[in-house]
Amino acid sequence: MTSSKIKNIFSSGEVIAWGFLIIFPILMLSNILWTPIHIHSDDYFHLSRIYNLYQSRFDFLYPQNFASLGRVGSIVNVFYPPVLLQMITAILPKGLGAITVLKIVVCFVLYLNTIAVYVLLRYKLAKSRSFSLAMAIFWGAVVISFDIASTGGEAIGKLSFPFIAYGLINLRKKNAYIYLVLGFSFALYTHLLTTLFLVVFVLIYSLFVLFNQKEWVSVVLTGVKTIALTALTGMIVYLPVIYFGHYNEIAFPPQPASFFTGYNRIYLSSIIENPMYLVMIAFVIISIFITKKISLGTSLSLIIALLGTAASSWPFFLQHTSVNVIQFPYRLFQWGLYMAIMFSIFSLANISKQFKNQKTILICSVIFSIFLGSGIYQYWFPKVNEDGTLWVATTKDVETSIDKNEDGYHLYDFPSFTDSMLDDSASWNLMNFSDYAPRHVLKDTQSKFLKYDDRAKHVAMHELKTSTNHYVETKNFTSSYNMISFSPSSDVHATKIALPVFGYNKTKLNVFINGKLVSYNIENGLVTVSGSLKSSDVIVIKQMVPLVEKMAFVFSALGWIIFISFVFKIRKNKRYKRESEGIEGKVN
């Protein structure tokens with residue numbers, strides 16, 4: 001950033017701009033910030049993850065989730081990256097309710113997405129404050145409006161898109177790796193499938209650049225630096241994934257072939273019926289007409305988006321290949337559209353000086369973005385009773401659902417969530433996802449929820465299993481981020497007893513009975529102890545941070561230290577170059 005490009009960041013205009021970026025999430029999300037929230041789908045999964053991370057500032061280092069998601073110890077912290085979410089929850093004061101924390105996290109996700117675009121446009125490209133704000137606000141609004149249900153995953157993962165797009169646009173420049181490393185690191189810290197998409201996208205884009213220019217050395221060097229630094233900064237994510245994945249048989253999110261070939265395919269009617277799709281497509285088309293050209297990034301993005309529609313039949317032929325790891329082909333359509341928007345924003349930035357009424361553009365962007373918030377209202381706002389009051393869940397509603405052994409997507413007809421309702425720990429058993437459970441726990445690996453599975457349902461119900469295949473209920477079941485405690489509801493006489501806690505090889509657990517450390521085995525994916533138990537016995541399972549997590553953390557921290565040192569070196573060289581040019585100018 002140079003003084004010739006932009007005024008001081010602490011100037012009154014910039015302070016107002018940053019202040020508005022802080023206020024904007026409150027303006028856009030005002031319809032759900034002050035009310036209970038109707039949680040009913042995969043948002044329950046992300047709410048559970050956020051609640052678990054909020055319990056400790058270093059919870060992301062513990063592989064298993066003990067505090068929520070059925071409170072059975074899913075290894076979700078390894079296979080669904082929590083690093084960036086942990087950074088957000090770590091700065092929040094303790095004592096907040098789960099719904100309040102969720103709302104703050106949503107605001108942060110929106111805020112971070114707007115900041116990413118604003119910083120690149122305003123400080124790297126030196127575009128006007130109004131234009132930078134307008135594009136930043138539009139980007140953040142589109143991301144949060146479309147991905148509100150996956151705030152803890154794909155929505156926060158979109159933070160990587162601006163940096164990846166900017167790095168690719170400047171791929172021929174020697175410092176492009178800085179932005180690519182940031183983009184890949186943010187993606188790794190939030191969503192593995194988004195990371196996979198970006199890796200493929202960057203690889204294809206780079207190959208096009210290599211084949212169309214003679215000076216390929218700079219591109220190769222950028223690639224080498226990006227890979228080397230990301231290998232370090234991202235080790236906190238991929239090393240535990242590889243390590244625990246190697247030593248365990250994990251049940252990844254079930255993916256029937258019929259879902260891959262037919263579920264939620266993007267048809268023309270799907271686009272017409274979804275206002276967000278229309279907004280995103282319209283923005284890209286309008287930007288192409290305004291700039292009178294289509295960039296390589298936009299072209300590639302649109303091709304990928306097209307592959308995600310029903311216009312092609314490739315999912316049918318590749319349904320049984322590794323390609324189905326993306327779960328749903330429509331993800332290609334969405335990822336492609338988002339990347340097309342990002343490249344379109346940078347294309348518009350190149351001609352932004354031609355826009356005479358940029359303040360008008362900003363005002364329209366703000367109004368339109370707040371209007372997009374109506375989609376969030378429709379998705380999360382509580383149902384209203386006939387007397388005008390909000391339909392809010394109580395402890396009794398939770399108990400009734402648990403007693404009925406309900407599971408799956410039954411929360412569509414469930415009252416809205418409040419902080420006080422979630423103080424009841426049983427609330428974290430309303431949806432019991434089978435994602436990342438040990439395979440041997442499930443009778444059918446295609447079971448989406450534990451209570452749907454004849455074998456795993458007993459674990460979700462927190463029942464002990466004896467060596468003679470009898471099930472015994474538990475009582476006084478409590479949990480935190482690193483501990484689960486309970487007692488049998490009656491005496492248990494058996495040679496072996498499987499506890500209702502997932503067991504994974506190479507994790508670090510201690511099992512205590514009445515305060516005494518006892519040995520355990522992992523059998524059929526469950527922590528198993530030997531001997532009989534009395535109803536008065538108190539069983540406590542504690543998890544510690546494994547060595548592999550500590551090593552990965554240290555190497556990632558080292559990667560960021562190296563990365564920051566490179567950034568400072570680049571800035572120092574630029575400052576020295578400017579000073580040298582200034583001296584030469586005076587001499588001449």
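Using DSSP H assignments, which helices in the chain have an axial alpha-carbon span of 30 Å or above and a mean Kyte-Doolittle hydropathy of -0.5 or higher?
TM-like helix candidates: 98-119, 330-350, 358-380, 547-587.
Starting from the exponent 0.38 and prefactor 2.2 Å, build the expected Rg for segment 458-545 from its residue count and divide its actual Cα Rg by it.
On the way: Rg = 11.7 Å, N = 88, 2.2 N^0.38 = 12.1 Å.
Taking the Cα Rg and dividing by 2.2 N^0.38 Å, one obtains 0.97.
Out of the total accessible area of segment 458-545 (probe 1.4 Å, heavy atoms of protein only), what percent is carbon and sulfur?
47 percent
Across segment 1-148, how many lysine pairs separated by 8 or more positions, or lying on different chains, have Cα atoms within less than 22 Å?
Lysine pairs meeting the criterion: 5.
For segment 147-222, give the percent of accessible area contributed by carbon and sulfur heavy atoms, probe 1.4 Å, rounded to a whole number.
72 percent
Report the Stokes-Einstein translational diffusion coefficient (µm² s⁻¹, integer) for segment 273-312, Rh taken as the Kirkwood radius over Cα pairs, at 20 °C with viscosity 1.002 mPa s.
On the way: Rh = 11.1 Å.
This corresponds to a translational diffusion coefficient of 194 µm²/s.
State, to one decimal in nm, how far the label point of Ser299 lies from the label point of Lys173, with both points 7 Å from Cα in the Cβ direction.
Placing both labels 7 Å along Cα→Cβ, they lie 2.2 nm apart.
Return the inverse of the average 1/r over all pairs of distinct C-alpha atoms in segment 240-368, which is the Kirkwood hydrodynamic radius, in Å to one decimal.
Kirkwood hydrodynamic radius for segment 240-368: 17.1 Å.
Hey, could you get me the Stokes-Einstein D for segment 117-159, Kirkwood radius over alpha-carbon pairs, 25 °C and 0.890 mPa s, rounded to whole µm² s⁻¹?
So the translational diffusion coefficient is about 226 µm²/s.
Can you tell me the alpha carbon radius of gyration of the chain divided by the globular rule-of-thumb value 2.2 N^0.38 Å?
Scaled against compact globular proteins, the figure is 1.04.
For the chain, what is the accessible area per residue in Å² when the probe is 1.4 Å?
45 Å²
Under 5 Å between amide hydrogens, which residues at least 5 positions from Ile266 or on another chain qualify, with H placed 1.01 Å from N in the peptide plane?
Close amide H contacts, sequence-distant or interchain: Ala310.
Label points 7 Å out from Cα along the Cβ direction at Ser218 and Gln354: separation in nm?
2.5 nm
The values are calculated or read from the model by the stated rules, or taken from the named source; none is laboratory data. Everything numeric in this text was worked out from a predicted model, so none of it was measured. Don't worry about glycine lacking a Cβ; one is built from the backbone with ideal geometry, like all the others, and counts go over all protein chains shown. Protein only, heavy atoms only, side chains kept; ligands, DNA and RNA dropped before computing areas. Shrake-Rupley method; radii C 1.70, N 1.55, O 1.52, S 1.80 Å.
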